[in-house]
Amino acid sequence: MGLATRIIPCLDVDAGRVVKGVRFLDIRDAGDPVSVARGYNEAGADEITFLDITASSDNRDTIVHVVEEVASEVFIPLTVGGGIRAVEDVRRLLNAGADKVGINTAAVHRPQLVREASDKVGSQCIVVALDAKSVTAPGEAPHWEIFTHGGRKGTGIDAVQWAVRMADYGAGELLLTSMDRDGTRVGFDLELTRAITEAVEIPVIASGGVGNLQHLADGVLHGGADAVLAASIFHFGEYTIAEAKAHMAAQGIEVRW
Amino acid sequence: MQRIAVIDYGMGNLRSVSKAIEHVADDAEVVVSADASVIESADRVVCPGQGAAADCMAALHSSGLAQTVIDIAGTRPFLGICMGYQVLLTASDENDGVQCLDIIPGHVVRFADPLMDAGARLKVPHMGWNEVRQARPHALWRKIEDCARFYFAHSYFCVPDQSSVVTGRCHYGLEIAVSIAAPNLFACQFHPEKSARDGLQLLRNFSRWDGQDR
């Protein structure tokens, strides 16, 4: 027996409120991050990820207050991503009670930020989020490129090389999202997941495309993921966290009960 | 009303720790403090910590709190968490070698690279929920089942010189001593403040612990 494969529900937060709602949890206010986080804790989630999608920089302080409130009442690991530009942003979120901070666009603009942040707060607190899209032309070996701005802007950076570089710069974990699969519900891009998990020594969270419980298991068994992240299948009550764990355990994947 | 001090030496997530203790110890006033006199007058002391060993030790020394920890460890119930466990040992290999507080003889070392287990490569950091085997009975294990899972996030681990101090072990490529105890001292590599029900139970146990090493 060893580490359990983590199941991580991901919530979008805009101006301090959970958006797109969470329908299955028996909670009074589905927009309240504390209620939602408490509900997922009680449902057996191994970790919670908040993605701050607030566009206005005026509202950036709001996420710090959200983290403070959640961390005061919910005692499981909390990852926060979105809008991180400087080591100071990382420190503020950690001091507010986040355990890990996700860096995405800022790492592409200035890779050194990942090194500075991990030197300061430790690798285990730094998650680099990779948004990757297939750019394979007919007849070529499969390869993927890093995109920013929600998959709209290409960077010309090869995803596997980027993953290796970020691990080398001190990332403690990678959050890998397939922009081809995100929102499609047809399952993870397993080829991409496998390419990244085999290239790095650090844990990889698979994300993007989950539509059923077998997709979660496939991410681990065929993609080599250390954790699986999903949003809609949990938020809308199609499946519970416990059902996801039972399904994975039945295929020999170690889970936490 | 008892007072529990959480040592603030400028490193790490103090809020989660203090809130978790408040959550389980309603008979306690929890104070986060960098003031040696406040820490010395508390009934219980918690030393958390996060970040690199060199920074943590530098912060402990520059704040003057290194001596405070040395003075009070063993004089009243003391709980070290994560880096707050590692700094209690003699020295750490992190950052090309760092002298620690040497309260518990032993060393802090990095996981092997690559770290292998039964032919499979394990990821480093050791990140997530792993089973903790209770190496010996202890008041802080009260109402916690053997092999309960706790949350870990670390790349370095403690190797105490004497196995008699070890209270908890975990398997991750090799056996690691994830918790230790001595009179009035308990320290753990995992994060009880992030380990849901069982972690909160450990903190509740700490808030009631008489300090005896059993």
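Bear in mind that the values in this text are calculations on the coordinates, not laboratory data. Computed from a predicted model, the values in this text were never measured in an experiment. Positions of Cβ are backbone-derived with ideal geometry, glycine not excepted, and every protein chain shown enters the neighbour counts.
For B:Cys100, A:Cys125, B:Cys147, which order do you get if you count the other beta carbons within 10 Å of each Cβ and list the fewest first?
B:Cys147, B:Cys100, A:Cys125
Assuming R0 = 22 Å, can you tell me the calculated FRET efficiency for the pair A:Val186 and A:Val135, based on Cβ-Cβ distance, to the nearest 0.05?
Here the calculated transfer efficiency is 0.70.
Relative to the present Cα-Cα distance, how much length would full extension add between A:Glu238 and A:Thr155 at 0.36 nm per residue of separation?
Values: separation 83, 0.36 × 83 = 29.88 nm, distance 3.57 nm.
Length gained, A:Glu238 through A:Thr155: 26.3 nm.
How large is ³J(HN,Hα), in whole Hz, for each residue of the stretch A:13-26 in order, when computed from phi with the Karplus curve 6.51 cos²θ - 1.76 cosθ + 1.60 and θ = phi - 60°, using x for Gly and Pro?
With the stated coefficients, the stretch A:13-26 comes to 10, 10, 6, x, 10, 6, 9, 6, x, 10, 9, 8, 6, 7 Hz.
Using only alpha carbons, build the gyration tensor for the stretch B:2-208 and give me the equivalent ellipsoid semi-axes, biggest first, whole Å. It would help to have the intermediate numbers written out before the result.
Numbers: eigenvalues 127, 83, 43 Å².
Gyration-tensor ellipsoid for the stretch B:2-208: 25, 20, 15 Å.
Kindly state, to the nearest 0.05, the FRET efficiency for B:Thr90 paired with B:Arg3, given R0 = 25 Å and r defined as their beta-carbon distance. Mind dumping the intermediate values first?
Working: r = 31 Å, r/R0 = 1.22.
It comes to 0.25.
Which number gives the lysine pairs in the protein assembly as shown that have C-alpha atoms under 27 Å apart and are eight or more places apart or on different chains?
So the count of such lysine pairs works out to 24.
Starting at the first residue of the stretch A:219-236, write each ³J(HN,Hα) from the Karplus equation 6.51 cos²θ - 1.76 cosθ + 1.60 with θ = phi - 60°, in whole Hz, x for Gly and Pro.
Residue by residue, the stretch A:219-236 yields x, 7, 6, 10, x, x, 5, 8, 8, 10, 10, 8, 10, 4, 4, 8, 4, 9 Hz.
Calculated FRET efficiency, B:Glu175 and A:Asp58, Cβ-Cβ r, R0 35 Å, to nearest 0.05?
Working: r = 51 Å, r/R0 = 1.47.
The formula returns an efficiency of 0.10 here.
Any idea how far apart B:Asp117 and B:Asp146 come out in nm if each label point goes 7 Å out from Cα toward Cβ?
Placing both labels 7 Å along Cα→Cβ, they lie 1.9 nm apart.
Mind listing the phi-derived Karplus ³J(HN,Hα) values for the stretch B:60-75, rounded to whole Hz, using 6.51, -1.76 and 1.60 with θ = phi - 60°, and x for any glycine or proline?
My calculation for the stretch B:60-75 gives 5, 6, 5, 7, x, 8, 4, 5, 4, 4, 4, 5, 8, 4, x, 9 Hz in order.
When DSSP assigns beta bridges and you keep just the ones with both residues in the stretch B:2-208, what percent turn out antiparallel, to the nearest 5?
Numbers: 28 of 47 bridges.
About 60 percent, rounded to the nearest 5.
If you keep only loop residues by DSSP, which chymotrypsin sites (Phe, Trp or Tyr not before Pro) in the stretch B:99-164 have at most 12 other Cβ atoms within 10 Å of their Cβ?
Working: sites: B:Phe111, B:Trp129, B:Trp141, B:Phe150, B:Tyr151, B:Phe152, B:Tyr156, B:Phe157; in loops: B:Phe111.
Sparse-neighbourhood loop chymotrypsin sites (Phe, Trp or Tyr not before Pro): none present.
What number, in percent, do you get for the relative contact order of the stretch B:2-208 if the mean sequence gap of Cα pairs under 8 Å and at least 6 apart is divided by its residue count? Write out the running numbers ahead of the final one.
Details: 465 pairs, mean separation 42.2, N = 207.
Dividing the mean separation by the residue count of the stretch B:2-208 yields 20 percent.
Amide H to amide H, which residues 5 or more places from B:Leu122 or on other chains are under 5 Å from it, using H placed in the peptide plane?
Those qualifying (amide H under 5 Å, at least 5 residues apart or on another chain) are B:Leu115, B:Met116, B:Asp117.
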